[in-house]
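For reference, the structure is listed below as structure tokens.
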Amino acid sequence: MRPLGHIRVRPELLGLVLLTTTALALGAPPPPAAAQPLAAQPAPARSATAAATATTAAFTVEERRLDLAVPQEILRRSGFDAVAPDFVRSLRGADSYAEAERAVVRSGGRLWQRAVDRAQGRGPARGDLSRDDDRPLYWARLALTRELRQWQPEFGLSETARTALLGKLERSSRGQDSMDFPARGAAKGVKRIVLTGFDPFTLDRDIRISNPSGATALALDGTVIRTADGPARIETAVFPVRWGDFADGTVEQALRGPLSRADLFTTVSQGRVGRIDVERFNGAWRGGFGDNENVSETGLVPVSDQASQPQWTTTSLPYRAIVAADTGRFPVYDNTSVTEVPAGGTAPVVRPDGPTPGSAARAGGGGDYLSNEIAYRATLLRDRLGLGIPGGHVHTPVLQFGAGNTDPATGTVTDPEFVQNRLDIIAQLRAIVTVAAEDS
């Protein structure tokens, strides 16, 4: 059941809600008036067969962006343009649902591992885009989901079964089903760290966008960092920028097992320009900014057992140590600001020092978008499982293109400053995780 006061805005009404000024988290200011519409961007030529097929397939908003010129260039310049054709061939060899399921999970897992290997310098780059780029994974995944959405096998596939396959493809291609740690005690002296990132977003404003949190997840997955207290292994996953997936429990499903075996976790997303924030408080409120499907959600964060749902959760990361450490070029802040409706009040109030007793959440330190929500859900899961481990949310700086390459209508998909900014953010997040592991 959706909570009272929950409002769902469909794409045709989205223009009424995108003017919100509360969508701070994940770096999501309202689109500028001069933003180039999707229709104005050239699309590559398509075969008659592909065009005919597309007319019968109910592609999602995200999948429809795939035909624009920039996504196609990103796929081509990374070598990920071969992923979808390989997937189609694997589907053609499936003569039953069980075989299809195996093909989907195998292909999704291979895509995730290929992106991780590329980011970590293993194997050929297969293109001239820098290895740290997270965008090939995002667009290649959409190419796979689009092929699966329109696949018509001879054995017949119900929409329920297709939805289940799409879910398995999402989880396997995001690393959500491969965050494996040894059982406690099996690897003595090795700490276990869970880190999550996000897809690119606000793509209708600038289709070229990359998300440094997703790039960080690819760069750190399966790596071992050396701390003053010994080694620590990091397992990562990437989450969609879609309200519906969060309402369906994708965060809890993916993190329940890994967190129960972890010594520390941090959810990561893109936040403000030129700074890193450790978010002290997370609020149980959705503020309405449009997601990657151009859907808006406003209301109480929908979780199980709403009768015991708190309005606020709190980080248990060692924020003082993180802020004090020299981790990189971007300043790091302990962000304690929230927006609340005070007990007995009716209007939202900004509180620079955190929520007051009995207040209702309207924005956590990280805003009221999906970055605040993943922080809220992960820390609520920590508390409900009774886990006494450090965990919370870190906002990266906004990943910026270089001077002279800021206009999506005339700019290129990458530039040296853009790449260096992303590499610097990844390195600083690695250092922050190291500090957190040493202090815990």
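General observations
- This model, with +1 at the C-beta of Lys and Arg and -1 at the C-beta of Asp and Glu, gives segment 99-257 a dipole about its Cα centre of some 500 debye.
- Between 0 and 90°, nearest 10: helix 97-119 axis offset from the chain longest Cα axis: 60 degrees
- The calculated FRET efficiency for R329 paired with D128, based on their beta-carbon distance and R0 = 45 Å, is about 0.95.
- Charge-dipole axis of the chain as Lys and Arg at +1 and Asp and Glu at -1 on Cβ define it, positive-most pick from V349, L148, V105: V105
- Dipole of the chain computed with +1 at Lys/Arg Cβ and -1 at Asp/Glu Cβ about the Cα centre; of L66, S210, A431, farthest Cα towards the positive end is A431.
- Using Cβ point charges alone (K and R +1, D and E -1), the dipole size of the chain about the Cα centre works out to roughly 620 debye.
- Take each peptide in 155-167, 224-236, count the other Cβ atoms within 10 Å of every residue, and average; sorted highest first, the result is 224-236, 155-167.
- Principal-axis tilt of helix 83-92 within the chain, Cα atoms, nearest 10 degrees: 70 degrees
- Gained length - S308 relative to V350, 0.36 nm times residue gap less alpha-carbon distance: 12.6 nm
- Over segment 159-304, Cα pairs under 8 Å with separation of 6+ residues give a relative contact order of 27 percent.
- Förster-model FRET efficiency, 45 Å R0, F155 and R256, C-beta, rounded to 0.05: 0.85
- Separation in nanometres of the label points that stand 7 Å from Cα toward Cβ, at Q420 and D180: 4.0 nm
- Sulfur and carbon atoms: percent of accessible area, the chain [1.4 Å]: 54 percent
- Compared with the direct C-alpha span, the chain from L166 to D95 gains 23.8 nm at full extension, assuming 0.36 nm per residue.
- Among beta bridges from DSSP that stay inside segment 151-270, the antiparallel ones total about 25%.
- Per residue accessible area in Å² of segment 59-208, where ligands, DNA and RNA are left out and the probe is 1.4 Å: 40 Å²
- Under the shape rule built on the C-alpha gyration tensor, where the axes satisfy a ≥ b ≥ c, segment 132-197 is oblate, since a/c reaches at least 1.5 while a/b does not exceed b/c.
- Take segment 305-360 with all the other protein chains still there, run a 1.4 Å probe, and you get 54 Å² of accessible area per residue.
- The dipole here belongs to segment 179-311: it is taken about the Cα centre, uses +1 on the Cβ of Lys and Arg and -1 on the Cβ of Asp and Glu, and is about 640 debye.
- The stretch between V88 and R226 holds 45.5 nm of extra length on full extension. This uses 0.36 nm per residue minus the Cα-Cα distance.
- Highest-first arrangement of 351-358, 256-263, where packing means the average Cβ count within 10 Å: 256-263, 351-358
- Segment 214-292, accessible area per residue, ligands and nucleic acids excluded (1.4 Å, Å²): 25 Å²
- Using alpha-carbon coordinates, inclination of helix 135-150 to the longest axis of the chain, degrees: 60 degrees
- Inter-part distance where segment 253-297 and segment 142-197 are each reduced to a Cα centre, Å: 19 Å
- Relative contact order of the chain, pairs being alpha-carbon contacts under 8 Å that are 6 or more residues apart, as %: 21 percent
The values are calculated or read from the model by the stated rules, or taken from the named source; none is laboratory data. Everything numeric in this text was worked out from a predicted model, so none of it was measured. When we count neighbours, we look across all protein chains shown, and the Cβ atoms used for this are built from the backbone with ideal geometry, even at glycine. For the accessible areas, the whole protein counts, side chains as well, though only heavy atoms, and no ligand, DNA or RNA atoms are used. Shrake-Rupley method; radii C 1.70, N 1.55, O 1.52, S 1.80 Å.
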